[in-house]
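Colleague: Please read through the structure below; I'll follow up with questions.
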Amino acid sequence: MNLLKKVYDPETFRATGHQLIDMLADHLQACLQDSSGKVIAYKQPDENYTFWAHEKFDSPMDYFNQVKENSIHIHHPRYMGHQVTPPAPLAALAGMEGMLLNSGGAIYEMSAASSTLEKLVIDQLKSYFGFTDGDGIITSGGTLANLTALICARNIKAPEDVWNEGQHEKYAFMVSVEAHYCIDRAVRVMGWGDTGIIKVPVDEQFRMRTDLLKSLHQEATDRGIIILGIVGSAPTTSTGIYDNLTAIGQYCQQHGLWFHIDAAHGGPAAFSQKYNHLTKGCELADSITVDAHKMMMVPSLTTMLFFRNSKDSYRTFAQKAQYLWNASNEEWYNYGKRTMECTKIMLSTRIYALLNTYGIEVFGEYVDTCYDLGKTFAEMLKREPLMELAVAPDSNIVCFRLIHKNESQCNDINRAIRQKILDDGRFYIVQTLLNDNVYLRISIMNPFTSITDLELMLLDVKTTYLELTEKT
Ligand SMILES: Cc1ncc(COP(=O)(O)O)c(C=O)c1O
């Protein structure tokens, strides 16, 4: 018992908490004031394992410090890798409060504040996607939200009662070849296998070819497959290009299909006056996934799943007859009826902390700043004779590659450049494969990334290229 008293001692918590906040504030300051430090101190996984297995910590602060030092610095302006936001400190504090209170969950009495704020967040944001009615949930990640939406679509659109009786027909969703892999995974989780996902080719801009929807739909029907819906990407992960949502939505309406939009990355463009044209067509969607931990400065994982028809939000895990009979059973406040999770982290409080303190404008300003930087970087690339831009960006995701005179070596060289940059740790960029070509890829997630940071990163790419090719 003495040990447990020590574990829960409020004064120890107070003292360590103050020290931790001081350490994190110093870290934030160091990242934002001087971008010359390392973004990542990359170690091979086995080396890292040995380090942690042998490290002894003198105090909790020593341990916290090592965790920080051995983690990638997302707040560093030269972090330009995967689509993970540098959390706004206030949203992180809301997360920390939620971790101690631990009052999230399936049932209202266990989560009064977070469940009520869940409704408030969804209600305040849904109209930006053109939903006048509408409802939704907040869940742990885009992957889970997309799966939830597809299960709901199946419950509503399948001509048989799959939830209760299993399925006898073959079903599929159509989705762009460039869509995030979690859509493919969701379909397989539902047991539909290879035939459950029909990949629609993209045009030279990497947008879904909506002109092919009709023929692909017909081909599937001829093979005995019932298409239940189409998933649009807003935008796709690799290139950051938005599908033509209006065209997909209209097709779905004409053919009675479910229209889901995976707007995990770019849904928040709806909050920007400058970029909200990109989310045009959302008003036609039946469901939309929006990650707050990508373009809304909220810590991972915090994802909103909106439904245009509020009743649909209750149909994911409900027996058909049950939701038809008893609308009063809907109970918006008992979120466990609608989310995959039972116990849930307090997610809504992180979004509401920003919404309440800074207003909706803060999300628009974040999107504007990051998307503008994407466009500026693309212009910089156009002036570089050695560089090829994959596609003019819609967003803050930009793909480019170094063109080597021997085309057959291009992929190896671009891969080697990216590896060397990772090993050096002064910048963090990633890579992707487009039309079998390796491209370097950046997502400008930090609104404090400067033009100089982008110029220096390009210089680093070119210098690394020269070093690598001089050796060969
Ligand atoms: C378009 C898109 N959808 C879904 C996901 C998966 O989201 P999460 O990592 O929140 O599960 C990602 C992640 O990058 C994404 O880019």
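Colleague: Can you tell me how many residues in segment 303-313 are among the charged types (D, E, K, R) and part of a strand (DSSP E or B)?
Modeller: Of segment 303-313, the ones among the charged types (D, E, K, R) are 308, 311-312.
Still in the running and part of a strand (DSSP E or B): none.
Summing the residues that are among the charged types (D, E, K, R) and part of a strand (DSSP E or B) in segment 303-313 gives 0.
Colleague: Among residues belonging to segment 96-109 that are modelled with pLDDT of 95 or more and in contact with a Ser or Thr (Cβ under 8 Å, 6 or more places away or on another chain), point out the one that is farthest from residue 362 (Cα to Cα).
Modeller: Checked segment 96-109; the qualifying residue farthest from residue 362 (Cα to Cα) is 103.
Colleague: Could you grab the pairs with beta carbons closer than 9 Å, sequence gap of 6+ or different chains, first residue in segment 17-32 and within 11 Å of residue 75 (Cβ to Cβ) and modelled with pLDDT under 95, second one surrounded by fewer than 13 Cβ atoms within 10 Å (Cβ to Cβ) and of a type in the set (Gly, Ala, Ser)?
Modeller: That search, which allows pairs on different chains as well, returns nothing.
Colleague: Follow-up question, since we're still on this one. Could you say whether any residue in segment 68-81 is surrounded by 17 or more Cβ atoms within 10 Å (Cβ to Cβ) and assigned to a helix (DSSP H, G or I)?
Modeller: No, segment 68-81 has no match at all.
Colleague: Pairs under 6 Å by beta carbon, first residue in the same structural domain as residue 12 (by TED's automatic domain parsing) and in contact (Cβ under 8 Å) with a residue 40 or more places away in the chain in segment 49-69, partner surrounded by 12 or more Cβ atoms within 10 Å (Cβ to Cβ) and of a type in the set (A, V, I, L, M, F, W, C), six or more apart or different chains?
Modeller: Sorted first by the residue in segment 49-69, then by its partner, the pairs are 64/20.
Colleague: To continue, here is another question. Working only within segment 363-402, note down all residues that are within 30 Å of residue 119 (Cα to Cα) and either in contact with a helix residue (DSSP H, G or I) (Cβ under 6 Å, 6 or more places away or on another chain) or outside any helix (DSSP H, G or I) (or both).
Modeller: Narrowing segment 363-402 to residues within 30 Å of residue 119 (Cα to Cα): 363-371, 395-396.
Selection gives 363, 364, 367, 395, 396.
Colleague: On to the next question. Within 16 Å of the ligand (Cβ to nearest atom) and either acidic (Asp, Glu) or in contact with a Ser or Thr (Cβ under 7 Å, 6 or more places away or on another chain) (or both), is that true of residue 270?
Modeller: yes
Colleague: Still on this structure: In this structure, does residue 373 turn out to be more than 21 Å from residue 295 (Cβ to Cβ), aliphatic (A, V, I, L, M) and not assigned by TED's automatic domain parsing to the domain that holds residue 268?
Modeller: It is false that residue 373 is more than 21 Å from residue 295 (Cβ to Cβ), aliphatic (A, V, I, L, M) and not assigned by TED's automatic domain parsing to the domain that holds residue 268.
Colleague: Has segment 231-238 got at least one residue that is more than 21 Å from residue 270 (Cβ to Cβ) and within 15 Å of the ligand (Cβ to nearest atom)? Write out each step before concluding.
Modeller: Going residue by residue through segment 231-238, those that are more than 21 Å from residue 270 (Cβ to Cβ) are 238.
Then drop every residue that is not within 15 Å of the ligand (Cβ to nearest atom), which leaves 238.
Looking for residues that are more than 21 Å from residue 270 (Cβ to Cβ) and within 15 Å of the ligand (Cβ to nearest atom), one finds at least one in segment 231-238, hence yes.
Here's the yes/no breakdown for (1) surrounded by fewer than 24 Cβ atoms within 10 Å (Cβ to Cβ); (2) assigned to a strand (DSSP E or B); (3) not assigned by TED's automatic domain parsing to the domain that holds residue 155:
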residue	(1), (2), (3)
260	no, yes, no
270	no, no, no
273	yes, no, no
277	yes, no, no
290	no, yes, no
301	yes, no, no
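Colleague: Any idea which residue in segment 161-190 is modelled with the lowest pLDDT, counting only those that are loosely packed, with under 15 Cβ neighbours inside 10 Å and under 21 Å from residue 287 (Cα atoms)?
Modeller: In this case the residue turns out to be 161.
Colleague: Within segment 134-154, count every residue that is outside any helix (DSSP H, G or I) and near the ligand (Cβ under 9 Å from one of its atoms).
Modeller: 2
Colleague: Another question about this same structure. Would you mind stating whether residue 386 is surrounded by fewer than 22 Cβ atoms within 10 Å (Cβ to Cβ), at pLDDT 95 or above and more than 19 Å from the chain's Cα centre (by Cα)?
Modeller: Against the criterion (surrounded by fewer than 22 Cβ atoms within 10 Å (Cβ to Cβ), at pLDDT 95 or above and more than 19 Å from the chain's Cα centre (by Cα)), residue 386 does not qualify.
Colleague: List pairs: first residue in segment 202-216 and touching a residue at least 40 places away in the same chain (Cβ under 8 Å), second residue among the polar types (S, T, N, Q) anywhere in the structure, Cβ distance under 6 angstrom, at least six positions apart or on different chains.
Modeller: Once the first residue is touching a residue at least 40 places away in the same chain (Cβ under 8 Å) and sits in segment 202-216, its partners that are among the polar types (S, T, N, Q) give 206/239; 208/176; 210/244.
The values are calculated or read from the model by the stated rules, or taken from the named source; none is laboratory data. These numbers come from a predicted model, not from an experiment. Cβ: placed from backbone, ideal geometry, glycine included. Neighbour counts: every protein chain shown.
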